[in-house]
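Down below is the structure, laid out as structure tokens.
The values are calculated or read from the model by the stated rules, or taken from the named source; none is laboratory data. Predicted model only: the values in this text are computed from it and were never measured. When we count neighbours, we look across all protein chains shown, and the Cβ atoms used for this are built from the backbone with ideal geometry, even at glycine. The protein model used for the area step is the full one, side chains on, heavy atoms only, and it has no ligands, DNA or RNA in it. Shrake-Rupley method; radii C 1.70, N 1.55, O 1.52, S 1.80 Å.
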Amino acid sequence: MAKKKIIVGMRSLPEIRESNSIYIDKTQFIDYLENSAGTKVPVFLRPRRFGKSLTASMLHNYYDISKKNKFEKNFKGTWIYDHRTPLASSYYVIHFDFSDVSSDSEDVNYTFLTSVGSSIISFTNFYPDKGLTEEQLDYSLYNTATDLMQVFLDNFSKKAKEGEYLYIIIDEYDHFANEILTRDKEAFKDITSTAEGHEGLIKRFYALLKKYYRGEGNGAIDRFFITGVSSVSLDSVTSGFNIATNISLKPDCHEMIGFTHDELSDVIDETLDFTKLPDITKEQIMQIMEENFDGYAFEKKAKEKMFNSNLCLAYLESVISERELTYPSRISLNDDAGKLRGMLNLCEDDVREDIVRAMFNKSPIVTELPDKMNLNSTNYFDKAQMVSLLYHLGYLTIDTETSQKKGLTSFIIPNRVYENLFLDYCRQTIGYRADAYKDLSPMFEEAADITPLLEIITEQIETKLNPQSLGKFTEMALQLICDSIINNSFYRKLSSYTEFYTGKGFADVFVKNSYPNGHYFLLELKYLHKKDDTKSAVEGKFAEAKEEIEKYREGAVLKEKVGNHPLDCYAIVFVGSECRLCQKI
């Protein structure tokens, strides 16, 4: 049987169905949204690259009257095909995608106008009798997107017959706003402003939609579906759009997008031909995906964690095209440590330090998600609001085990992809710019010699850290440098993990080795400033490291991860840039 195609980033349901591309059937959620969600204006939030746009396309093609003649082609073989709801193919759907709106504060108004205009043009092409004329679509006639939308809604209201209503889909509603938020807080406040006479462009646009909502009176709009990442943009316009209900935390919505473990297993079976990948097993691929793209929970009682679907598909496509197990770090998030820095600058220094320390130490951050995140009412986010923003953007996720055990919502980093992004942020914070491709071959070959690693750490501290960083150097920074050297070394045989959970606590650095019969390593790192350099201080730090190693070595998680490989454990003490003591325990 022919394998299905993987087309990364595919957002259109008809294109997927027509090209025999992989599609995991999520159509049962159409019935939920229509009959059980408890709202006609749902807002559904998930981190980027999860497949929100495909869900928006699914709903568009299901409800749009103009797509009725393609219903069988689009939905045959899916759950909804045999459980069609009363409202199928019954709406005039207008579909907005705000991912193309500029995040440059000087261009945002015009690109928001043209984005809205593009959707109205598309609607007019399908429904000439309900859309706007060419003259009405002249952008020069309008100052804002709201002005153009007002003309469209007035026109539709006049031409619609009894029982004819709009279904408005807004995909990536906050894409441009979040980009602005991480770079320019005041510009974000400007576009979301609710001050009378000075309302921002977002407030004006959504206030207009609310005015034409049928639930508020006799408006032309009967239903909405809105996707985004965070609630902060809508929360900040407060009463401008208080008709919406955030359904993102509802248990019934948990698996609406993303892949479950079984769904990912099916994707692999349907797309990979292992006869062309003789040195690769399904188990190897699943292990890589679980470590790097799994781990998301969007409610405390979630029965299983979710995979980021688009990142999974991108990784599988790379395996198929290159016929080898590629490095997950090559799969782009279109994100970087600079964006994380921009977000963390939205809170006070003490809040940021508290969150960063907990994230680095992999300690659950306990706080409840706030009901609202209105940045127009404060200059800085408090801890709960900051954690909420990091959670919505995918940097943190709900720790279901701790949350269920303690009855309080706890948050942790979901997977290795986001852990590495966070570590990059920490390296930037200490001013460290790593050199790549250092030679650690003596370490991963049979000699298992860590001397080159220690020499490179010394060299990097002396040459790659600025004087200010050296003044506040800590063991955390030492871990970051060690981790960076190992993960960016030649040959890619070694993989480093900071704050590795052993089952008996968290070890500073754990190193896996893919070399045949290669040694694994557990490194406990201690650091002293030169001003604290005494024999008793060095011996005290060494004794701490040795005691911790002896405890970690008994951990069941560590034993399972090491398997039959030899495990070399080292207690290491640095004084300044000098490795003063290194002993195998």
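Of all residues in segment 513-534, how many are modelled with pLDDT of 95 or more and charged (D, E, K, R)?
Of the residues in that region, 2 qualify.
Among what's in segment 222-247 and is among the aliphatic types (A, V, I, L, M) and assigned to a helix (DSSP H, G or I), pick the residue that is modelled with the lowest pLDDT.
Once the filter is applied, the top-ranked residue is Leu234.
So in segment 492-507, with the set limited to residues that are closer than 17 Å to Pro364 by Cα and in contact with a Leu (Cβ under 9 Å, 6 or more places away or on another chain), which one is surrounded by the fewest Cβ atoms within 10 Å (Cβ to Cβ)?
Gly503
Between Leu525, Leu480, which is open to solvent by less than 10 Å² (accessible area, probe 1.4 Å) and either assigned to a strand (DSSP E or B) or touching a His at 6+ places or on another chain (Cβ under 7 Å) (or both)?
Just a single option satisfies the conditions, and that option is Leu525.
Under 8 Å between Cβ atoms, which residue pairs at least 6 apart in sequence (or on different chains) link something in segment 323-340 that is within 25 Å of Glu179 (Cα to Cα) with a partner that is among the acidic types (Asp, Glu) and open to solvent by 60 Å² or more (accessible area, probe 1.4 Å)?
Asp336/Asp424; Ala337/Asp424
Which of the residues belonging to segment 1-49 are under 26 Å from the mean Cα position of the chain (by Cα) and of a type in the set (Asp, Glu)?
Scanning segment 1-49 gives Glu15, Asp25.
Scan segment 161-186 for residues that are open to solvent by less than 30 Å² (accessible area, probe 1.4 Å), modelled with pLDDT of 95 or more and farther than 16 Å from Arg46 by Cβ and jot them down.
Selection gives Leu166, Tyr167, Ile168.
What's the number of the condition Gln428 fails, among (1) touching a helix residue (DSSP H, G or I) at 6+ places or on another chain (Cβ under 7 Å); (2) assigned to a helix (DSSP H, G or I); (3) open to solvent by 10 Å² or more (accessible area, probe 1.4 Å); (4) over 30 Å from Leu311 (Cα atoms)?
(4)
Name the one entry in Glu106, Glu135, Glu72, Glu162 that is assigned to a loop (DSSP other than H, G, I, E, B), free of Cβ contacts under 8 Å to residues at least 24 places away in the same chain, under 26 Å from Ile30 (Cα atoms) and of a type in the set (D, E, K, R).
Sole residue among the options that is assigned to a loop (DSSP other than H, G, I, E, B), free of Cβ contacts under 8 Å to residues at least 24 places away in the same chain, under 26 Å from Ile30 (Cα atoms) and of a type in the set (D, E, K, R): Glu162.
Output the number of the condition that Ile288 fails; it satisfies all remaining conditions of (1) under 22 Å from Tyr213 (Cα atoms); (2) open to solvent by 10 Å² or more (accessible area, probe 1.4 Å).
If we test Ile288 against (1) under 22 Å from Tyr213 (Cα atoms); (2) open to solvent by 10 Å² or more (accessible area, probe 1.4 Å), just (1) comes out false.
When residues of segment 369-394 are filtered for being under 18 Å from Lys300 (Cβ atoms) and either polar (S, T, N, Q) or not in a loop (DSSP other than H, G, I, E, B) (or both), how many remain?
6
Residue-wise test of (1) open to solvent by 20 Å² or more (accessible area, probe 1.4 Å); (2) among the hydroxyl-bearing types (Ser, Thr, Tyr); (3) closer than 30 Å to Phe298 by Cα; (4) not in a helix (DSSP H, G or I).
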{"position": "Arg433", "(1), (2), (3), (4)": "yes, no, no, yes"}
{"position": "Ala436", "(1), (2), (3), (4)": "yes, no, no, yes"}
{"position": "Asp449", "(1), (2), (3), (4)": "yes, no, no, yes"}
{"position": "Pro452", "(1), (2), (3), (4)": "yes, no, no, no"}
{"position": "Thr463", "(1), (2), (3), (4)": "yes, yes, no, no"}
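So for segment 320-339 (the condition being part of a helix (DSSP H, G or I), under 17 Å from Asp266 (Cβ atoms), in contact with a Gly (Cβ under 9 Å, 6 or more places away or on another chain) and open to solvent by 30 Å² or more (accessible area, probe 1.4 Å)), does at least one residue qualify?
Scanning segment 320-339, I find no residue that is part of a helix (DSSP H, G or I), under 17 Å from Asp266 (Cβ atoms), in contact with a Gly (Cβ under 9 Å, 6 or more places away or on another chain) and open to solvent by 30 Å² or more (accessible area, probe 1.4 Å), so the answer is no.
With within 24 Å of Ile243 (Cα to Cα), open to solvent by less than 50 Å² (accessible area, probe 1.4 Å), among the aromatic types (Phe, Trp, Tyr) and at pLDDT 95 or above as the only criterion, which of Phe71, Phe112 stands out?
Phe112
Across segment 211-221, what is the number of residues that are surrounded by fewer than 19 Cβ atoms within 10 Å (Cβ to Cβ) and either at pLDDT below 90 or under 32 Å from the mean Cα position of the chain (by Cα) (or both)?
Adding up the residues that qualify gives 4.
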